[in-house]
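Q: Right, I'll just put the structure down here and ask away after.
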Amino acid sequence: MTRDTIVLGAGMVGTSIAFHLARRGRSVVLVDRRAPGKETSFGNAGIIQREAVRPHAFPRDMATLLRVLPNRRIDIRYRPQGMLAAAGPLWEYWRHSAPHTYAVIVPEYASLIMRCTEEHQAMIEAAGVEALVRKEGWLEGFRTQRVFDEQLAIARDNEARFGVTYQVLDSKMLKAKEPHLSDELIGAIHWTNAWTVVDPGGLVQAYAQAFEALGGHIEQAEAQQLEQTASGWRLTTTTGSLEAEEVVLAAGPWSQRWLRPLGYRLPMFPKRGYHMHYAMRDVGWLHHWLMDFESGFLLAPMQAGIRLTTGAELTTLEGPARHGQLDAAEVVARRLLPLGERRDPEPWRGNRPCMPDMKPVIGPASRHAGLWFAFGHGHQGFTLGPVTGRLIGEMMDGEPPAVDMAPFRAERFADA
């Protein structure tokens, strides 16, 4: 079977790329071992984060580092083998988080985030899934006035520079919006131009169906070998062989498997997250997505129940699941909201593909014609999938991209 383009990876990023390329008239096959939206894109917090114009920086102050060291926090935990395996990238992550470097990264990163809702809207309309999307924003709650004031100062700057919109809620206003919350939070920021999704995996699946409606093909199979040929590329899978003129590598943290044999050494590392769904006791419910900022977890009213998502765990891609972080988050969450029984047999886990400068890799490979990169979106693959799809389509067709792509080229890393 010969196709114009193979897209390897059927998460939000890969599925969005496949959709955009098919809409441009290309013959596209989307390949993954699982159905679209069944890996990391399935288990995230379900927020299209228009407010997230500043990527997550590595903590640099000694007080925060000392709090992390005992390895009992909800927002961040680590495994020694994970720290050792990612020692180089983590050191670079720490360096890029220095104030003068981070100040350069923020507007580059924001150039993608600022287009997230409009690009999602185009795909939402094509897929006919407005019912999955809530356009009412989400809440970030605070426990101390000092931290609340610090984040409000950042919010004001983000509003002025990047068009982020928000509303400040005191404790009474927060209680009016969420009457079943306890009194532990003193207030919240209501991020008003972000969107939320009641079934993140379902949204990816709907985008995949829209891709198929454009003539695209989905191949659910284990990819085994990727090799360049005289006419393009050949991907060998457990079900056969696929050939195409071009390949887009959008396999998230698994992209490293394909990069290394081709001679690319990119410093990507995984951050793991966990989630669990809960019923609510009595007749209570949560109406908005709510993050406990200082604790580091998020509660989301999904179709499957109240989804509790953890922060990040630094571990290896295939490292065993450790549920202590989720258990600790649940203890605090139950004091905040009257959660009932767990609804899932086991906690879900997924891995975010992270780069040390906090920016994704989007663009052509430097040493192989017809090979394109689209990975490393960190915490924002769900948010940035449609933006990435548009940009890859523009670049592949030789059009001026909607944003300056120089900050996202692989060549910014020495071994790319």
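The values are calculated or read from the model by the stated rules, or taken from the named source; none is laboratory data. These numbers come from a predicted model, not from an experiment. Methodologically, a virtual Cβ is constructed for each residue, glycine included, from the backbone with ideal geometry; neighbour enumeration extends over all protein chains shown.
Q: Could you give every pair whose Cβ atoms fall below 7 Å, whose first residue belongs to segment 143-171 and is within 20 Å of residue 194 (Cα to Cα) and touching a residue at least 12 places away in the same chain (Cβ under 8 Å), and whose second residue is hydrophobic (A, V, I, L, M, F, W, C) and part of a helix (DSSP H, G or I), counting only separations of at least 6 or pairs across chains?
A: Every condition considered, the pairs that remain are 162/110; 164/155; 166/155; 168/152.
Q: Could you run through segment 272-283 and say how many residues are part of a loop (DSSP other than H, G, I, E, B) and either of a type outside the set (Val, Ile, Thr) or touching a strand residue (DSSP E or B) at 6+ places or on another chain (Cβ under 6 Å) (or both)? It would help to see each step written out before you state the result.
A: As a first pass, look at segment 272-283 and keep what is part of a loop (DSSP other than H, G, I, E, B): 281-283.
Adding the requirement that they be either of a type outside the set (Val, Ile, Thr) or touching a strand residue (DSSP E or B) at 6+ places or on another chain (Cβ under 6 Å) (or both) leaves 281-282.
Adding up the residues that qualify gives 2.
Q: Mind listing whichever residues of segment 320-348 are in contact with a Lys or Arg (Cβ under 6 Å, 6 or more places away or on another chain) and crowded, with 17+ Cβ neighbours inside 10 Å? Don't jump to the end; show me each part of the working.
A: Residues of segment 320-348 that are in contact with a Lys or Arg (Cβ under 6 Å, 6 or more places away or on another chain), as a first pass: 321, 325, 338, 340.
Within segment 320-348, 325, 338 meet the criteria.
Q: Hey, among the residues in segment 208-235 that are over 21 Å from residue 26 (Cα atoms) and touching a residue at least 12 places away in the same chain (Cβ under 8 Å), which one's surrounded by the most Cβ atoms within 10 Å (Cβ to Cβ)?
A: 223
Q: Being within 25 Å of residue 123 (Cα to Cα) and out of contact with any Leu (no Cβ under 6 Å at 6 or more places or on another chain) is the filter; apply it to segment 245-260 and report the residue that is surrounded by the most Cβ atoms within 10 Å (Cβ to Cβ).
A: Looking at the filtered set, the residue picked out is 250.
Q: Can you list the helices (runs of 4 or more DSSP H) found entirely within segment 71-156 that contain at least 2 residues being modelled with pLDDT of 95 or more and hydroxyl-bearing (Ser, Thr, Tyr)?
A: On the way: elements: 80-85, 87-96, 99-113, 116-127.
Fully inside segment 71-156 and qualifying: 99-113.
Q: Just to be sure I understand the filter: pairs with C-beta atoms under 8 Å, separated by 6 or more residues or on different chains, first member in segment 365-382 and of a type in the set (Ser, Thr, Tyr), second member surrounded by fewer than 21 Cβ atoms within 10 Å (Cβ to Cβ) and not in a helix (DSSP H, G or I). Which pairs pass?
A: Short answer, once both residue conditions are applied: 366/416.
Q: Identify all residues within segment 362-391 that are out of contact with any Asp or Glu (no Cβ under 9 Å at 6 or more places or on another chain) and within 18 Å of residue 233 (Cα to Cα); write none if there are none.
A: 364, 365, 367, 368, 373, 374
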